[in-house]
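Q: Pasting in a structure now, in C-alpha cells, and then I'll have a few things to ask.
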Amino acid sequence: MSFSYTLFLALLLLAPGLGVWAGLRAGERSELISQAPEKPGSTFSLLVIVFGALVGHIVMSSLFLLQAALCHTLGCCLGLSFDPNVYRVILSGGKSAGTPTDAAFLAWFVALLLPAIFVGGLAYWASGWNWVREMRETATFGWLKRWVDVARPANSFIIAYVVTTLEHEGATVAYEGIVENIALDDNRAIAMIVLSSCDRFVVKIKDDRVERIDSPHQTIPLLQLSAANFANIALEVFEVPDAEPSANAEPVPDTPAFADAETVTDSPPATEV
C-alpha cells in the first residue's frame, strides 16, 4: 500500500475524536452487561469522532491564541526558526512553516497529540457522570436497562431460568442460576449469558401444566450459554433482606422479565419457565 499524505493527515486530525470515542468506550463500566461490538458504519460513533475532533482542535487553537496574545502583551517571546502553530502550517500548505528542524516536527506532533489526550481523558471522566451513564446505558441496554438498575444495589441479584434446546424423550434440560454476565447482539437480544451457582433440572410439558423435575446433583459453579444453546430465558430480581439497601435502590418489579425464543434466538419457541 502506497503512502498517502492526505490519509495520514486526516488520521492525525481525527485523533482527538478517536480519543473521545476510546474514552467513552473504556468508561463503560458494567460488570453485568458486556460491551456490544461497535456496528460498522455507526452514525453515532461517526458523530462522536467528528465532534470530539472539533472540540479537541478548538481547545488547542485556543491555547495558541492565548500564547500569541500573551506574547504580544507581555513582550516575552521566544524566537523560533519555525512556526509552532501546527494548524497554520497545515492550512497554509507549509508556507508558514519556516525552517523545519527536528524540534519543529517534535513540536507539531506533540501539538496534535495533546488535544487527543486531553479530550480522551475528559471523555473517560465524563463517562462516570450519572446523566452520561443513563444516556449511554439506555442506548446500549434497551429493554434490559430497567433490570440493570434494579439489580445495581449490592443486596440485589438476578436469577435466570434458561430452557435449552437439549431434549430427550419429551424432556428439556433447563438451568437456574445467578446472572453474572449478559452479552447482547445488535438487536439487543441476549446472545450469551453466564450463570453462577447453577442448578440443573428437566422440564416436561403436559396437557395441563409444565412440570419441573429436579434430581440430586452438585451445583455447577459457572456456566456459559450462547444463543444457539437456549430457546427461552426468564429473568427475576431478588433482594437479600439481611443486607442494608442502597440509598439509590429502586423498587423490585412484581413480575419477571421474559426474553423468549422469538427475540433471543432463531430456535423454535419453548415454554417459559
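Q: Counting only protein heavy atoms, what percent of the accessible surface of the range 74-186 is carbon or sulfur at a 1.4 Å probe?
A: Details: 4010 of 6120 Å².
It is 65 percent, rounded to a whole number.
Q: Can you give the alpha-carbon Rg of the range 1-147 over 2.2 N^0.38 Å, where N counts its residues? Intermediate values should be presented prior to the final figure.
A: Values: Rg = 19.3 Å, N = 147, 2.2 N^0.38 = 14.7 Å.
Taking the Cα Rg and dividing by 2.2 N^0.38 Å, one obtains 1.32.
Q: Let me ask something else about it. Using bins 10 angstrom wide from zero, how does P(r) for the range 164-223 break down, in % of all Cα pairs?
A: 20, 40, 32, 8
Q: With the convex hull built on the Cα atoms of the range 80-223, state its orientation-averaged projected area in nm².
A: 16.4 nm²
Q: Could you work out the local net charge near E176, counting Lys and Arg as +1, Asp and Glu as -1, over the other residues with Cβ closer than 12 Å to its Cβ?
A: Numbers: positive: R200, R212; negative: D199, D214, E236.
With Lys, Arg at +1 and Asp, Glu at -1, the neighbours total -1.
Q: Quick check for you: with a 1.4 Å probe and neighbouring chains kept, what is the accessible area per residue of the range 111-234, in Å²? Before the final figure, lay out the partial values.
A: On the way: 6450 Å² over 124 residues.
Heavy-atom accessible area per residue stands at 52 Å².
Q: Where in the range 93-130 are there chymotrypsin sites (Phe, Trp or Tyr not before Pro) that are in a DSSP coil and have at most 15 other Cβ atoms within 10 angstrom of their Cβ?
A: Values: sites: F105, W108, F109, F118, Y124, W125, W129; in loops: W129.
Passing both the DSSP loop test and the Cβ count: W129.
Q: Ok, one more. Evaluate the range 70-141: find the radius of gyration of its Cα atoms, find its Kirkwood radius, and give the ratio Rg to Rh.
A: Using only Cα positions, Rg/Rh for the range 70-141 is 1.24.
Q: Something else: Residues with beta-carbon under 13 Å from that of V89, excluding V89: net charge, scoring Lys, Arg +1 and Asp, Glu -1?
A: Working: positive: R88, K95; negative: D83.
Around V89, the charge tally is +1.
The values are calculated or read from the model by the stated rules, or taken from the named source; none is laboratory data. Note that the structure is a prediction, hence the values are computed from the model and not measured. Reconstructed Cβ throughout: ideal geometry from the backbone, glycine too, with neighbour counts over all protein chains shown. Quick note on the areas: whole protein, heavy atoms, side chains included, nothing else; ligands and nucleic acids left out. Shrake-Rupley method; radii C 1.70, N 1.55, O 1.52, S 1.80 Å.
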